[in-house]
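What follows is one structure encoded as structure tokens, with my remarks underneath.
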Amino acid sequence: MKTKHISALYGSANVGKSTTLKKVFALLTAAYPTAPVQTLNPPGADITFIIEINGILVGIESQGDPNSRLGASLERFKKAKCVIIICATRNWGGTVRIVEALQPEFTIAWHHKKSERQPNLQEQRNDEAAKIIFEEVRNVLSA
């Protein structure tokens, strides 16, 4: 059985976490165009999907604010038997504890999403962070 893995993107409010995770989802669907996708919440500012890649379920939740649906989504992903979870959290507090509570069943890779002082670089940083998480997921899938 594959090792269960979480890629958690953490940062303060309005630094591009949701945008970055939408980009990760776009990279996954482009790389695996025939992969079935289950929409768990209607796409909007935030997304919740499960995508099946080569028989492995990957759950994606971009809503990581305090008092958000993050905890419920992680429980749904566990019940669905997702091997990989990609999510957003804040820097500290309840959202981080929700993710940490999944240890030792899941290994966690934390990715810090910082605020970009130069607004014209924000999109570039979002793209870079999305590619890093995408490659991490591909490595877990091929392990």
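The values are calculated or read from the model by the stated rules, or taken from the named source; none is laboratory data. Quick caveat: nothing in here was measured; it's all calculated off a predicted structure. When we count neighbours, we look across all protein chains shown, and the Cβ atoms used for this are built from the backbone with ideal geometry, even at glycine. Accessible surface areas use protein heavy atoms only, side chains included; no ligands, DNA or RNA. Shrake-Rupley method; radii C 1.70, N 1.55, O 1.52, S 1.80 Å.
Quick one: would you say LEU27 is within 15 Å of ASP127 (Cβ to Cβ) and in contact with a Leu (Cβ under 8 Å, 6 or more places away or on another chain)? Spell out how you get there, then give the answer.
Working: within 15 Å of ASP127 (Cβ to Cβ): yes; in contact with a Leu (Cβ under 8 Å, 6 or more places away or on another chain): no.
No; evaluated as a whole, the condition is false for this residue.
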Condition set over 18 Å from ASP46 (Cα atoms) and of a type in the set (Ser, Thr, Tyr), scope the stretch 93-135, selection most open to solvent (accessible area, probe 1.4 Å): answer is SER115
Report yes if ALA130 is in contact (Cβ under 8 Å) with a residue 24 or more places away in the chain and part of a helix (DSSP H, G or I), otherwise no. yes
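Among the residues of the stretch 34-66, write down those that are on the phi > 0 side of the Ramachandran plot and touching a residue at least 24 places away in the same chain (Cβ under 8 Å). Quick ask: steps written out before the conclusion?
Filtering the stretch 34-66 for residues on the phi > 0 side of the Ramachandran plot gives 54-55.
If the condition is that a residue be on the phi > 0 side of the Ramachandran plot and touching a residue at least 24 places away in the same chain (Cβ under 8 Å), then ASN54 is the only one that fits.
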The lone condition ARG90 fails out of (1) among the charged types (D, E, K, R); (2) at pLDDT 95 or above; (3) buried (at least 17 other Cβ atoms within 10 Å of the Cβ) is (2)
Within the stretch 55-87, restricting to residues that are under 10 Å from the mean Cα position of the chain (by Cα) and assigned to a loop (DSSP other than H, G, I, E, B), the one that is surrounded by the fewest Cβ atoms within 10 Å (Cβ to Cβ) is GLN63
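Taking the stretch 1-21 on its own, how many of its residues are of a type outside the set (Val, Ile, Thr) and either modelled with pLDDT of 95 or more or assigned to a strand (DSSP E or B) (or both)? Give the derivation first.
First, the residues of the stretch 1-21 that are of a type outside the set (Val, Ile, Thr): 1-2, 4-5, 7-14, 16-18, 21.
After this cut, where a residue has to be either modelled with pLDDT of 95 or more or assigned to a strand (DSSP E or B) (or both) as well, the list is 4-5, 7-10, 21.
Total satisfying the criteria: 7.
Just to be sure before I move on: is GLU52 outside any strand (DSSP E or B) and either under 25 Å from SER12 (Cβ atoms) or open to solvent by 50 Å² or more (accessible area, probe 1.4 Å) (or both) in the structure I sent? Even if it seems obvious, please write down each step before you answer.
Details: outside any strand (DSSP E or B): no; either under 25 Å from SER12 (Cβ atoms) or open to solvent by 50 Å² or more (accessible area, probe 1.4 Å) (or both): yes.
Answer is no for this residue.
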